[in-house]
Amino acid sequence: MNHHVISVKVYAAVFAALLALTLTTVAVSKLELGEFNFIVAITIAVIKATLVILFFMDVRHATSLTKLFVGAGLFWLAILLVFLLSDYFSRGWLPGPGWV
Amino acid sequence: MADSETPLAVHEPELRHHFDDSAQQFESSVLGMWVFLVTEVLFFGGMFGAYTVYRNLYPEAFASTSHFMNVTIGAINTAVLIFSSFTMVLSVRSAQLGQKKALIIFLILTLILGCVFLGFKYVEYHEKWVDHHVPGPGFRYEDTRYVHQAQILFFLYFAMTGMHAIHMIVGAGLLTALIVMAARNRFSAAWYTPVEMIGLYWHFVDVVWIFLFPLLYLIGHTK
Amino acid sequence: MSTTLPFAATQAQPNYLNVDYGWKSWLFTTDHKRIALLYLFSITAFFFVGGMFAVGMRMNLLTPQGLFDHDTYNKLFTMHGIIMVFFFLVPSIPATLGNFLVPIMIGARDLAFPRINLISWYLYIIGGLVALGAVVQGGVDTGWTFYAPFSSTYSNTHVLITAIGVFISGFSSILTGLNFIVTVHKMRAPGMTWNRLPLFVWGHYATSLIQVLGTPVVAITLVLLALERFFHAGIFDPNVGGDPVLFQHLFWFYSHPAVYIMILPGMAVISEIVTCFSRKAIFGYSFVAISSIAIAVLGFLVWGHHLFVAGQSMYASIAFSFLSFVVAIPSAIKVFNWTATMYRGSVSYDTPMLYAFGFIGLFTIGGLTGLFLATMAIDVHVTDTYFVIAHFHYVMVGGMVMAYLGGIHFWFPKISGRMYPEGWAKFAALVVFVGFNLTFFPQFILGYQGMPRRYAHYPPEFQVLNVMSTAGASILAVGYLIPMIYLAWAWRNGPIAPQNPWRAKGLEWEQSPTPPPTFNFDRQPVVTEPAYNYSGEEEEEVELGG
């Protein structure tokens with residue numbers, strides 16, 4: 001099995017970045033930013049997850065097939081969430097009593 | 001043209017009869033584990049969907065319940081889990097380099113950190129139990145305007161973190177099995193597939209927490 | 001290129017059936033072919049259990065006042081649905097024919113994960129026994145759709161146990177799908193490119209994608225339902241702020257794609273049968289292959305058509321309605337291509353082909369009526385009536401079960417090494433066709449006239465059509481029993497089959513002995529020609545028996 005052996009330095013750098021991002025997200029959550037709180041928190045979470053997936057799970061060096069499946073999983077999650085929420089968000093868009 | 005009686009079997013450790021060579025076997029394992037992780041994404045995804053729906057339906061109740069989330073424990077647990085992912089990649093790296101002792105040490109560290117996480121989880125759950133925030137007949141909520149909605153939100157909190165914790169417990173079991181296998185010299189630089197596969201699983205469970213933490217603990221306080 | 005062995009030698013050859021005997025060699029096997037037979041036996045048993053509930057229902061519906069009270073009848077249709085959907089239709093072709101044939105068709109010695117394949121069967125059995133345990137203790141009355149808050153809060157029946165049984169068997173489905181996906185990607189023989197894959201494999205690959213992406217969502221839905229039964233937090237209870245429509249969304253996110261799990265393998269079988277019995281390459285191979293993937297993907301975008309009258313927003317309903325029309329297109333492409341394959345082909349009327357004809361006609365009717373249901377203006381009138389029931393039985397029974405029977409007959413020689421009696425088989429196919437149409441066509445009319453589904457008693461004006469339907473069901477039941485008998489007989493006493501009785505193309509017929517040895521091939525196959533290369537070898541056909 002010949003795989004790239006990644007240096008401890010790289011892993012340690014990613015680890016440090018993840019900790020820093022965690023501290024950041026906790027700090028920002030204490031500020032009053034209204035809707036931005038949610039956006040910042042999710043953005044930081046996405047960055048952290050991306051670091052774990054690319055570096056710790058080594059998707060950086062994975063085959064195209066693996067990358068395709070990772071992408072498909074996320075895409076299908078998006079289908080579930082977007083279509084589900086589209087119902088709730090679009091209720092009441094039509095006028096009149098009894099219309100949904 | 002490969003013949004199934006290939007002498008490769010002699011040189012390739014742990015090669016199973018239906019595979020032509022180790023590379024095919026390893027790639028199959030990796031793809032298989034990723035397909036499984038995709039199922040897990042959808043599995044947790046259903047609960048994230050339910051959470052999002054209720055958070056949007058009941059924003060005031062959500063803001064109210066967010067005060068009862070223990071951000072300190074949540075943050076510590078996040079750090080613990082990230083640290084355990086770090087020790088996990090180091091254990092895979094040790095396996096790649098054939099370093100048996102380092103492999104075992106890093107696996108044990110990962111296991112310990114996982115248990116620390118579960119320990120803090122227990123503390124948190126106990127706190128909720130004492131506060132009567134566990135859904136069921138004993139549920140009580142401080143702000144009577146939101147009793148019912150709070151119960152639904154706490155239900156989702158327990159369902160999501162509980163399902164995550166179950167996955168951690170399974171992971172702990174798998175790590176234990178790996179430690180035993182490593183101690184018995186099952187792994188070498190030529191074959192360490194289970195270490196890498198369980199590593200993928202462990203990182204996935206970390207990724208789920210990376211999303212659970214902000215959604216359950218960090219947002220909603222400020223309104 | 002096919003080789004013929006003298007009949008005696010065919011039987012004396014070690015094959016997967018005679019290589020080992022005894023219950024341990026079956027219950028601990030990792031041979032995909034033996035696991036396929038384990039599934040075949042258990043799935044058939046569940047088919048009969050589900051059928052028994054149908055018998056109870058149709059007996060009840062002979063008269064307007066019925067035989068059973070409402071609670072009992074509710075349990076009958078619920079158990080019929082749960083068993084038929086989760087324990088028969090979802091596993092049916094993939095776990096039996098798929099397990100048996102996918103490795104052989106791609107030139108592999110087994111699936112990628114043989115032990116996981118066995119675990120998958122055990123999970124199916126355990127889930128099935130748990131569900132049967134619920135039946136024995138009095139059953140469930142929520143409908144197979146488990147709608148909340150009745151299922152989560154108000155029903156006094158064994159919802160929790162049934163949900164657990166279905167949850168466990170869901171893992172069986174996921175593992176089968178996972179296995180097929182990895183196998184098709186990684187275990188293809190040299191020369192077996194994606195463009196040369198049998199359409200049977202394409203269809204199973206697409207099915208596996210759905211199994212892997214959809215089943216986890218119904219799994220978590222059942223977990224939430226089970227937790228709700230236990231903790232009563234109110235997640236789906238409108239009295240305390242829960243949303244029952246959320247349950248429906250999460251449930252149908254899987255259950256709509258599930259119907260494509262239940263039809264794609266059938267279409268995959270039909271593609272194989274039509275091309276063989278027209279002695280002609282499939283028309284538009286790429287289109288048929290891609291249409292399977294298209295159905296799998298688009299099938300995830302339409303689930304809201306089950307929620308048109310549930311309180312879903314009008315805008316979401318419009319989007320789902322439109323997408324439901326779109327998903328019909330790839331299915332239609334398949335029907336056109338099968339028809340075009342037969343055009344100017346050399347068509348023969350062996351039993352598998354008779355089932356294929358039945359499939360094409362009945363699936364078309366079922367599919368078109370699905371479009372009526374996708375049209376909101378019609379759906380508001382016929383939803384929850386017998387129109388819906390007729391629609392899905394046309395696709396599931398007129399479609400899938402016919403494809404299943406066709407596939408079992410087509411590959412029976414390969415699996416058993418023997419031929420079934422063709423006369424009896426043709427007769428049974430005819431009985432099934434007549435019985436099926438007599439059972440379900442009247443239900444379209446009943447639904448259109450307004451008879452609701454899931455009602456134990458009905459107004460007297462609906463009786464005539466109900467009697468016709470029950471009469472049809474009796475005939476259909478006979479039609480299903482006859483093959484059970486002659487196939488069981490033929491397994492031991494049928495004439496020994498030559499290697500390729502249908503002179504079909506495909507690695508399973510041309511390069512694998514009949515029945516196959518444990519590792520499927522005597523030597524590693526290498527693929528050098530496109531799939532269904534019937535026109536390439538007409539001149540070579542001098543050897544009788546294939």
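The values are calculated or read from the model by the stated rules, or taken from the named source; none is laboratory data. Just so it is clear, the structure is predicted and the values come from calculations on it, not from any experiment. Quick reminder, even Gly has a Cβ in these numbers, built from the backbone with ideal geometry, and neighbours come from all protein chains shown. The protein model used for the area step is the full one, side chains on, heavy atoms only, and it has no ligands, DNA or RNA in it. Shrake-Rupley method; radii C 1.70, N 1.55, O 1.52, S 1.80 Å.
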Please give me the summed charge of the neighbours of A:Leu81: other residues whose Cβ is under 14 Å from its Cβ, Lys and Arg +1, Asp and Glu -1.
0
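State the extension gain, in nm to one decimal, for the chain segment bounded by C:Asp384 and C:Val467, taking 0.36 nm per residue of separation less the distance between their alpha-carbons.
27.8 nm
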Carbon/sulfur fraction of accessible area - segment B:43-222, other protein chains in place, 1.4 Å, %:
69 percent
Mean Cβ count within 10 Å, highest first, over the residues of peptides C:87-97, B:64-74:
C:87-97, B:64-74
Expressed as an acute angle from 0 to 90° and rounded to the nearest 10, what is the orientation of the C-alpha long axis of helix B:100-130 relative to the principal long axis of chain B?
20 degrees
With axes computed from alpha carbons, what is the tilt in degrees of helix B:71-96 against the longest principal axis of chain B, rounded to the nearest 10 within 0 to 90?
0 degrees
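Just the number please: accessible area per residue for chain C, 1.4 Å probe, all protein chains included, in Å².
With all protein chains present, chain C gives 35 Å² per residue.
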Share of Cα-Cα pairs in chain A beyond 15 Å, in percent?
75 percent
Note the direction-averaged projected area, equal to a quarter of the hull surface, for the Cα convex hull of the protein assembly as shown, in nm².
36.7 nm²
Would you grab the residues whose amide H sits under 5 Å from the one on C:Arg418? Only those 5+ places off in sequence or on another chain, please, with H modelled 1.01 Å from N.
C:Ala497
In whole Hz, the Karplus estimates of ³J(HN,Hα) for segment C:354-365 (6.51, -1.76, 1.60; θ = phi - 60°; x where Gly or Pro) are 4, 5, 5, 4, x, 4, 4, x, 6, 5, 4, 4
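Quick one: pull the percentage of alpha-carbon pairs in segment C:413-546 with a separation above 19 Å.
67 percent
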Percent relative contact order of chain C, based on C-alpha pairs within less than 8 angstrom and at least six residues apart?
19 percent
R0 = 56 Å: FRET efficiency of B:Lys100 with C:Ala377, Cβ-based, nearest 0.05?
0.20
Compactness check, segment B:43-222: C-alpha Rg relative to the 2.2 N^0.38 Å globular estimate gives 1.19
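Counting partner chain Cβ atoms within 10 Å of every residue's Cβ in B:70-83, what's the average?
Whole-number average of other-chain Cβ neighbours for B:70-83 is 3.
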Selected from C:Val85, B:Ala50, C:Trp23, residue furthest toward positive end of dipole (the protein assembly as shown; charges at beta carbon)
C:Trp23
Give me a comma-separated list of calculated 3J(HN,Hα) values for segment B:28-37, in order, Karplus coefficients 6.51, -1.76, 1.60 applied at θ = phi - 60°, integers in Hz, x for any Gly or Pro.
5, 4, 5, 4, x, 5, 5, 4, 4, 5
Env charge @ C:Leu222, Cβ radius under 11 Å, K,R +1 / D,E -1, value 0
Looking at chain B as a GNM with Cα springs under 10 Å, which of B:Val89, B:Val123, B:Val205 has the largest mean-square fluctuation?
B:Val123
Check which residues have an amide H placed less than 5 Å from C:Gly242's amide H, if you skip close sequence neighbours.
C:Asp237
In Å, what is the Rg of the alpha-carbon atoms in chain C, and how long is Dmax?
23.0, 77
Skipping prolines and chain starts, which residues have an amide H placed within reach, meaning under 5 Å, of the one on C:Thr385, given they are 5 or more residues away or on another chain?
C:Arg453
With an 8 Å Cα cut-off and a minimum separation of 6 or more residues, compute the relative contact order for chain A in percent.
18 percent
Binned at 5 Å starting from 0, the alpha-carbon pair-distance distribution of segment B:7-98 in whole percents comes out as 3, 10, 8, 11, 16, 13, 10, 8, 7, 5, 4, 3, 1, 0
Average partner coverage of C:205-213, which counts Cβ from other chains inside 10 Å
3
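So what is the diffusion coefficient of segment B:64-138 in µm² per second by Stokes-Einstein at 20 °C and 1.002 mPa s, using a Kirkwood Rh over Cα pairs? Display every interim value, and only then the final one.
Details: Rh = 14.1 Å.
Answer, rounded: 152 µm²/s.
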Taking a probe of 1.4 Å, how large is the accessible area per residue of segment B:43-222, in Å²?
35 Å²
How big is the accessible area of C:Thr153 in square angstrom, nearest 10, if you roll a 1.4 angstrom probe over the protein chains?
40 Å²
For every other residue with a beta carbon closer than 11 angstrom to the beta carbon of C:Gly311, add +1 if it is Lys or Arg and -1 if Asp or Glu, then tell me the sum.
-1
Could you tell me the total accessible area buried at the B-A interface, probe 1.4 Å, in square angstrom to the nearest hundred?
4000 Å²
Please state the charge dipole magnitude for segment B:43-222, taken about the Cα centre, from unit charges on C-beta atoms (+1 on K and R, -1 on D and E), reported in debye and rounded to the nearest 20.
660 debye
Taking the mean number of other Cβ atoms within 10 Å as a proxy for protection, how do you rank C:299-305, B:162-168, A:10-16 from highest to lowest?
C:299-305, B:162-168, A:10-16
With x for Gly and Pro, the residue-by-residue ³J(HN,Hα) of segment B:204-216, computed from phi through the Karplus equation 6.51 cos²θ - 1.76 cosθ + 1.60 at θ = phi - 60° and given in whole Hz, is 4, 4, 5, 4, 4, 5, 4, 8, 4, 4, x, 5, 8
Just which residues of segment A:1-30 lose 40 Å² or more accessible area with every protein chain there, against their chain alone, with the probe set to 1.4 Å?
A:Met1, A:His3, A:Val5, A:Val8, A:Tyr11, A:Phe15, A:Thr22, A:Val26, A:Ser29
Rel. contact order, % - alpha carbon contacts under 8 angstrom, at least six apart, segment B:43-222
37 percent
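Only Lys, Arg, Asp and Glu count, each charged at its Cβ (+1, +1, -1, -1), so figure out the dipole size of chain C about its Cα centre, rounded to 20 debye. Mind showing how you got there, number by number?
Details: 24 positive and 25 negative charges, 99 e Å.
Dipole about the Cα centre, nearest 20: 480 debye.
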Taking each residue of B:142-150 in turn, how many C-beta atoms of other protein chains fall within 10 Å of its C-beta, and what is the average?
2
Order these peptides, C:169-181, C:327-339, by their mean beta-carbon neighbour count within 10 angstrom, highest first.
C:169-181, C:327-339
On the accessible surface of chain A, probed at 1.4 Å, how many percent belong to carbon and sulfur atoms?
75 percent
For the Cα atoms of chain C, what angle does the longest principal axis make with the long axis of helix C:159-186, in degrees from 0 to 90, nearest 10?
30 degrees
Tell me the carbon and sulfur percent of the accessible area for segment C:141-266, rounded to whole percent, probe radius 1.4 Å.
66 percent
Sorting B:Thr193, C:Ser321, C:Ile290 by the position of each Cα along the dipole of the protein assembly as shown (Lys, Arg +1; Asp, Glu -1; all at Cβ), the one nearest the positive end of that ordering is B:Thr193
